[in-house]
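The values are calculated or read from the model by the stated rules, or taken from the named source; none is laboratory data. Note that the structure is a prediction, hence the values are computed from the model and not measured. Quick reminder, even Gly has a Cβ in these numbers, built from the backbone with ideal geometry, and neighbours come from all protein chains shown.
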């Protein structure tokens, strides 16, 4: 068992997303996969298999109707359904560009590796 805690200084916020490369060799197949995977009865598997916030309303409705225990677990968890005040207090991760090797070195030192 574990407890989810939001630091008083604010947590790191980030967002994942899908994309198709401009030079993708099979764009139609990529769109077909995206259209399939974003269907509510498919995307709800993200709720089941990954503890992420899920922005797909169709997936949430599917889970609510077909997997009520999973839906309740998702809705009642601050880990997957982060309260608005915690999002607002959070800090969005920014691309540090060419400074990335310095950040990597510092983090390696913090970890003691």
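Please enumerate the residues belonging to region 8-23 that are part of a loop (DSSP other than H, G, I, E, B), out of contact with any helix residue (DSSP H, G or I) (no Cβ under 9 Å at 6 or more places or on another chain) and closer than 17 Å to residue 87 by Cβ.
Matches in region 8-23: 14, 15, 16, 17.
Could you please give the count of residues in region 24-77 that are outside any helix (DSSP H, G or I), surrounded by fewer than 12 Cβ atoms within 10 Å (Cβ to Cβ) and at pLDDT 95 or above?
Residues flagged as outside any helix (DSSP H, G or I), surrounded by fewer than 12 Cβ atoms within 10 Å (Cβ to Cβ) and at pLDDT 95 or above within region 24-77 amount to 2.
Give the residue that is surrounded by the most Cβ atoms within 10 Å (Cβ to Cβ), with candidates limited to residues of region 84-113 that are touching a residue at least 12 places away in the same chain (Cβ under 8 Å) and part of a loop (DSSP other than H, G, I, E, B). Spell out how you get there, then give the answer.
In the first step, residues of region 84-113 are kept if they are touching a residue at least 12 places away in the same chain (Cβ under 8 Å); the result is 86-87, 89-93.
Narrowing the set further to residues that are part of a loop (DSSP other than H, G, I, E, B) leaves 90, 93.
Working: 90: 17, 93: 10.
Result: 90.
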